[in-house]
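Asker: Before we start, here is the structure in question, set down as structure tokens.
The values are calculated or read from the model by the stated rules, or taken from the named source; none is laboratory data. The structure displayed is predicted, hence computed values, not measured ones. Cβ: placed from backbone, ideal geometry, glycine included. Neighbour counts: every protein chain shown. When the accessible area is computed, the model is the full protein with side chains, heavy atoms only, and any ligands, DNA or RNA have been set aside. Shrake-Rupley method; radii C 1.70, N 1.55, O 1.52, S 1.80 Å.
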Amino acid sequence: MESQDLPECPVCLQPYDGECTIPRVLACGHTVCESCLLNLPKKLPGAIRCPACTVLVKYPPEGPTTLPKNIDLLRLIPGGSENPRKPVYKSKNVSNLPFLPRSWSDEFYSNWKSYLLRDDTVERDQVSLLPVGSFSSGGEDGSLFKAGYLVRVMDCLREMKEEERGELGLVLRAFTKQNCRICRVLGLWGDLGDGVLYLASEKQKRGNFLDKNLGCFEKEGVFNFALMGMEMCEAVISLHKEGLIAGCLSFSCFQLDDFGHIYLDLIEVLLTGRGIQDVVANVGFSGKKIGDGEIRMLFKDLLKRDVFVCPEVLLKLLEKEGTGVECCSLKYPIRYSSDAWLLSCILLRIVNGDVFSDEWVEYMCHIIVKGSENSEIDCSSVYTSSMEKVSSLLGTKFGAECVSLQQILCKCLDVDPESRSLVVDVWKCIRELVIRPQFDKMVKLDGASYDENGGRCMVVGKLCLLSRERTETQEKDELQGKEANGATDMVNGLTEGRIKWKDLQGHLDCVTGLAVGGGYLFSSSFDKSVKVWSLQDYSHVHTFRGHEHKVMAVVCVDEEQPLCISGDSGGGIFLWSINIPFGQEPLKKWYEEKDWRYSGIHALAVSENGYLYTGSGDKLIKEWSLRDGTLSGTMTGHKSVVSAIAVNNGVLYSGSWDGTVRLWSLSDHSLLTVLGEDMPRAVSTVLSLAADQHTLIATYENGSVKIWRHDVLRKSMQIHNGAIFTVSLDGKWLFTGSWDRTIKAQELAGDDVEVDVRHIGSIPCDSVITALSYSEGKLFVGFGDRTVKRIPVFPLPGFKTSAC
């Protein structure tokens, strides 16, 4: 045999030699070299995953030296004895059909995830809020499905236009971190009460202060004025650094913190912008031209609110409304210097009070109504006259030493944005009132980008238009009676309670189990029967009778000879054929050894290699051959009732009232590890288990759920207000039913290191949920009030899913 044909370790790929690379045989039958076994990750005590088949196998505490050597490989004898009981594992047919079709992808979710605030983290009076969208508030009495907070917020984001999301994302990326003189944006918060999605930011405790200081600054207050003006300029410069132009400002946009420092509140800037748009919309209507009277009324209205807007922004807003201005042909672009106009207006109004307001109205009316390419001289004379009055007012307050400040503030009010000073220049001029230039060599204000092609004006952007556009759309839909169709109609109907589930009635007592197989739904009950329902029309097809005790569990074997298996509280195990015509007698039946001290069978599971496993009141897990009903093995270790069992990937999982979950090897029945030994038994009784691929779910009496992935506990959470009696896991979809009469739907995402549990929604019910089964987009629910119900079928029309 050539060297390349020698058997080698599947991990390090080194040929076995018996000295350096010693082959050791694992319980699953595969061989791995001794040195690799020493280095394999041991996530569970006493167990490892075979690197060849990924089956969880027992690992001796003494190390790999106690495992048997593979003598056959060392002798290069082909073939080898396989464990005759080694299961043949099949990959589970995982359904990719979603319970509730999402309108957003995982990539979309990951882009927005970090900006979403929890629904219980925001107090309205502690933050500034800007409505950016709306969703169904849910929670109405009679609703079938209450979509979770995450689903409503993500759907709301997905329904936004691309431009709206782009602008919202820009604000979030730029200002969720702390910026100089700008209130930090906290993120997006959905109010489940009013069904509105808000952009939330910090609110300074001292609030607005400017309106309380109008006209109060005299010559001796010039330094206070300078410090205040500098910080206002710094706030606007921080905005410019992120490529944003305010376009409008009001007194309410500036907030004072506990230390007397000024911050710009972006939410107030956007709310001010919406207010200006409302005023503009009320002045005229599309196709109409307005004159001096309407413009004068508009500016007086804005001044009542202490709101300032520059000429080019106002004309842009009028243009967007389709409203023209008589005799005006000014066409100036919006630039960063547009914000210099606003700051100049605010600073002059603070100093001069209402006197400046009257002068400002006259000046604005003149340049907008009479300004045109043919009247530059007239506008220039009006500008000169107005600025002389402004300078005189400022000089009266602060004296001759503020001449440079007078000049730069007047320059900021030039009708041509290109001729105005930048905010940085205003900051430097004001700073000279506090620190003389010769002593101010340590500070440089760099970093503000004034690429005029890159600035985005907030007041004419989508975030300011969002509220009106959405209101108009909603009104239009209501007038037209617009209704969605296809998938949208189905989803909306589900969340609004317009779609009712299908009731399957017939049991005389509490439903204990559900199983799907062979084209049928099977339900077991305390009434000692198993009912068979058609998956085509959900009609009752047959009833299996014969149990003398309460039927506690039911499972299906969907193989060449499909079987339904039921177990009762008296220890009886019945195998039923599900071939038509259904028989009145079971194919086989047998009983556990009877003992009056114990409560019979509590749980059932089947493996792919033809064995049935039972969890019982006698604290044992038993393995039975489906061929002849013989007992082929017993697993001991639990200290109380074995309440739940599950089989997956060569491992049997058992949960007990003792609060532990034990993992057993199917090949030799050896105990692999124990989970939950450190939990207090009083609060950790295991009630149900579900396993799928490398994920294990356990639910508990106290309403909590624990999730293991790749043998490591990744998530523990309290999701119900009572015992969780049943769980169903299919791929990434997790469903739980509880004593609190609620079904919770979760979506599992993330990777092997982190599990992200996304709450999809909840379904309030009229009775305790005792059984769940999710299969191929159908959710079946068993209740304590004797009924079985079916949730509407998905995928919906127009919704594409990947093949199962």
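Asker: Output the number of residues of segment 229-248 satisfying the condition of being within 14 Å of Gly260 (Cα to Cα) and either buried (at least 24 other Cβ atoms within 10 Å of the Cβ) or modelled with pLDDT under 90 (or both).
Answerer: Taking segment 229-248 and keeping what is within 14 Å of Gly260 (Cα to Cα), we get 229-232.
After this cut, where a residue has to be either buried (at least 24 other Cβ atoms within 10 Å of the Cβ) or modelled with pLDDT under 90 (or both) as well, the list is 229, 232.
Residues flagged as within 14 Å of Gly260 (Cα to Cα) and either buried (at least 24 other Cβ atoms within 10 Å of the Cβ) or modelled with pLDDT under 90 (or both) within segment 229-248 amount to 2.
Asker: Does any residue of segment 265-282 turn out to be at pLDDT below 85, more than 27 Å from Leu170 (Cβ to Cβ), assigned to a helix (DSSP H, G or I) and open to solvent by 10 Å² or more (accessible area, probe 1.4 Å)?
Answerer: Yes, segment 265-282 contains a residue that is at pLDDT below 85, more than 27 Å from Leu170 (Cβ to Cβ), assigned to a helix (DSSP H, G or I) and open to solvent by 10 Å² or more (accessible area, probe 1.4 Å).
Asker: What's the number of the condition Leu672 fails, among (1) touching a residue at least 60 places away in the same chain (Cβ under 8 Å); (2) crowded, with 21+ Cβ neighbours inside 10 Å; (3) farther than 24 Å from Pro61 by Cβ?
Answerer: (3)
The rows are residues; the columns are (1) in contact (Cβ under 8 Å) with a residue 60 or more places away in the chain; (2) in contact with a Phe, Trp or Tyr (Cβ under 9 Å, 6 or more places away or on another chain).
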position	(1), (2)
His507	yes, yes
Gly517	yes, no
Ser523	yes, yes
Lys528	no, no
Ser539	no, yes
Lys550	no, yes
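Asker: Being open to solvent by less than 10 Å² (accessible area, probe 1.4 Å) and under 21 Å from His549 (Cα atoms) is the filter here, so list the residues in segment 606-628 that pass it.
Answerer: Scanning segment 606-628 gives Leu612, Tyr613, Thr614, Gly615, Ser616, Gly617, Ile621.
Every residue, every condition in (1) open to solvent by less than 10 Å² (accessible area, probe 1.4 Å); (2) modelled with pLDDT under 75; (3) part of a helix (DSSP H, G or I), yes or no:
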site	(1), (2), (3)
Ser329	no, yes, no
Ser338	yes, no, yes
Leu348	yes, no, yes
Cys365	yes, yes, yes
Glu373	no, yes, no
Asp378	no, yes, yes
Lys397	no, yes, yes
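Asker: If you don't mind, another one. Of the residues that make up segment 72-85, is at least one out of contact with any helix residue (DSSP H, G or I) (no Cβ under 6 Å at 6 or more places or on another chain), at pLDDT 80 or above and either of a type in the set (Phe, Trp, Tyr) or surrounded by 15 or more Cβ atoms within 10 Å (Cβ to Cβ) (or both)? Step through it out loud before you land on a result.
Answerer: Within segment 72-85, the first condition is being out of contact with any helix residue (DSSP H, G or I) (no Cβ under 6 Å at 6 or more places or on another chain), and the residues that meet it are 72-79, 81-85.
Filter once more, so that each one left must be at pLDDT 80 or above: none.
No; the residues of segment 72-85 include none that is out of contact with any helix residue (DSSP H, G or I) (no Cβ under 6 Å at 6 or more places or on another chain), at pLDDT 80 or above and either of a type in the set (Phe, Trp, Tyr) or surrounded by 15 or more Cβ atoms within 10 Å (Cβ to Cβ) (or both).
Asker: Of the residues that make up segment 646-665, is at least one touching a His at 6+ places or on another chain (Cβ under 9 Å), among the hydroxyl-bearing types (Ser, Thr, Tyr) and in a strand (DSSP E or B)?
Answerer: Taking every residue of segment 646-665 in turn, at least one turns out to be touching a His at 6+ places or on another chain (Cβ under 9 Å), among the hydroxyl-bearing types (Ser, Thr, Tyr) and in a strand (DSSP E or B).
Asker: Name the residues in segment 501-532 that are over 14 Å from Thr770 (Cβ atoms) and not in a strand (DSSP E or B), would you?
Answerer: Once the filter is applied, which keeps residues that are over 14 Å from Thr770 (Cβ atoms) and not in a strand (DSSP E or B), segment 501-532 yields Trp501, Gln505, Gly506, Leu508, Gly518, Gly519, Lys528.
Asker: Please go through segment 90-118 and give me each residue that is part of a loop (DSSP other than H, G, I, E, B), open to solvent by 70 Å² or more (accessible area, probe 1.4 Å) and modelled with pLDDT of 50 or more, ordered by number.
Answerer: If the condition is that a residue be part of a loop (DSSP other than H, G, I, E, B), open to solvent by 70 Å² or more (accessible area, probe 1.4 Å) and modelled with pLDDT of 50 or more, then Arg118 is the only one that fits.
Asker: Follow-up question, since we're still on this one. Pick out the one residue from Ala52, Ala27 that is free of Cβ contacts under 8 Å to residues at least 60 places away in the same chain, in a loop (DSSP other than H, G, I, E, B) and aliphatic (A, V, I, L, M).
Answerer: Numbers: Ala27 fails: free of Cβ contacts under 8 Å to residues at least 60 places away in the same chain.
One residue alone meets the criteria, Ala52.
Asker: I would also like to ask the following. Suppose we keep only residues that are open to solvent by 20 Å² or more (accessible area, probe 1.4 Å), touching a strand residue (DSSP E or B) at 6+ places or on another chain (Cβ under 9 Å) and of a type outside the set (A, V, I, L, M) within segment 249-264. Which one would you say is nearest to Arg181 (Cα to Cα)?
Answerer: Of the residues in segment 249-264, the ones open to solvent by 20 Å² or more (accessible area, probe 1.4 Å) are 252, 256, 258-261, 263.
Add one more test, that the residue is touching a strand residue (DSSP E or B) at 6+ places or on another chain (Cβ under 9 Å), and what stays is 252, 256, 263.
With of a type outside the set (A, V, I, L, M) added as a condition, the list becomes 252, 263.
Working: Ser252: 15, Tyr263: 4 Å.
Looking at residues that are open to solvent by 20 Å² or more (accessible area, probe 1.4 Å), touching a strand residue (DSSP E or B) at 6+ places or on another chain (Cβ under 9 Å) and of a type outside the set (A, V, I, L, M), I get Tyr263.
Asker: Scan segment 550-597 residue by residue and report those that are of a type outside the set (Asp, Glu), in a loop (DSSP other than H, G, I, E, B) and open to solvent by 50 Å² or more (accessible area, probe 1.4 Å).
Answerer: Looking only at segment 550-597, we keep the residues that are of a type outside the set (Asp, Glu), and these are 550-557, 561-567, 569-584, 586-591, 594, 596-597.
Now drop any that are not in a loop (DSSP other than H, G, I, E, B), which leaves 550, 561-562, 569-571, 578-584, 586-587, 594, 596-597.
Lys550, Gln561, Asn579, Ile580, Pro581, Gln584, Leu587, Lys594, Trp596, Arg597 - these are the residues of segment 550-597 that are of a type outside the set (Asp, Glu), in a loop (DSSP other than H, G, I, E, B) and open to solvent by 50 Å² or more (accessible area, probe 1.4 Å).
Asker: Shifting gears a bit: Looking at Arg206, is it surrounded by fewer than 19 Cβ atoms within 10 Å (Cβ to Cβ) and either modelled with pLDDT of 90 or more or of a type in the set (Val, Ile, Thr) (or both)?
Answerer: Values: surrounded by fewer than 19 Cβ atoms within 10 Å (Cβ to Cβ): yes; either modelled with pLDDT of 90 or more or of a type in the set (Val, Ile, Thr) (or both): no.
For Arg206, the condition - surrounded by fewer than 19 Cβ atoms within 10 Å (Cβ to Cβ) and either modelled with pLDDT of 90 or more or of a type in the set (Val, Ile, Thr) (or both) - is not met.
Asker: Go through segment 533-549 and report how many residues are of a type outside the set (Ser, Thr, Tyr) and either open to solvent by less than 50 Å² (accessible area, probe 1.4 Å) or part of a strand (DSSP E or B) (or both). Break it down stepwise before answering.
Answerer: Applying the first criterion (of a type outside the set (Ser, Thr, Tyr)) to segment 533-549 yields 533, 535-537, 540-542, 544-549.
Those still in the list that are either open to solvent by less than 50 Å² (accessible area, probe 1.4 Å) or part of a strand (DSSP E or B) (or both) too: 533, 535, 540-542, 544-547.
Counting residues in segment 533-549 that are of a type outside the set (Ser, Thr, Tyr) and either open to solvent by less than 50 Å² (accessible area, probe 1.4 Å) or part of a strand (DSSP E or B) (or both) gives 9.
Asker: Mind counting the residues in segment 167-185 that are open to solvent by 30 Å² or more (accessible area, probe 1.4 Å) and either modelled with pLDDT of 90 or more or within 17 Å of Lys113 (Cα to Cα) (or both)?
Answerer: Just the residues of segment 167-185 that are open to solvent by 30 Å² or more (accessible area, probe 1.4 Å), to begin with: 170, 173, 176-178, 180-181, 184.
Checking which are either modelled with pLDDT of 90 or more or within 17 Å of Lys113 (Cα to Cα) (or both) leaves us with 170, 173, 176-177, 184.
Adding up the residues that qualify gives 5.
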